[in-house]
Amino acid sequence: MDNANLEEFDYEEIPEEKFVMTTWHENESLKEVFWFAKNNAFHPAVELRNTLILDITTASREEQFLAEYNNC
């Protein structure tokens with residue numbers, strides 16, 4: 001995602017309203033990650049209305065993740 005955003009603007013300055021914020025939380029619990037997404041993630045120019053939870057494993061964990069996200 002980061003490289004695609006950079007490539008879109010020829011690796012030059014990205015306009016604030018087109019910047020894509022990504023984070024990764026390799027050594028944090030799901031509870032910590034979901035708390036961050038709900039309480040700490042922001043964009044300086046655009047109101048964030050949606051959160052995308054991307055799980056790239058083969059097992060379906062949608063119900064578990066939604067429950068944990070809604071409970072943090």
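Here are the numbers:
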| item | result |
| --- | --- |
| Search result, residues across segment 34-66 that are outside any loop (DSSP other than H, G, I, E, B), surrounded by 11 or more Cβ atoms within 10 Å (Cβ to Cβ) and out of contact with any Asp or Glu (no Cβ under 9 Å at 6 or more places or on another chain) | W35, A37, K38, Q64, L66 |
| Of all residues in segment 20-35 being of a type in the set (A, V, I, L, M, F, W, C) and out of contact with any His (no Cβ under 7 Å at 6 or more places or on another chain), the one that is farthest from N70 (Cα to Cα) | V20 |
| Unmet requirement for T23, which otherwise passes all of (1) at pLDDT below 90; (2) more than 14 Å from the chain's Cα centre (by Cα) | (2) |
| Pairs with Cβ under 9 Å, 6+ apart, first in segment 8-31 and at positive phi, second modelled with pLDDT under 85 and part of a loop (DSSP other than H, G, I, E, B) | none |
| Some residue of segment 18-27 being closer than 21 Å to D2 by Cβ, among the acidic types (D, E) and surrounded by fewer than 11 Cβ atoms within 10 Å (Cβ to Cβ) | yes |
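The values are calculated or read from the model by the stated rules, or taken from the named source; none is laboratory data. Being a predicted model, the structure only gives us computed values, none of them experimental. Every residue, glycine as well, gets a Cβ built from its backbone with ideal geometry; the counts of neighbours run over all protein chains shown.
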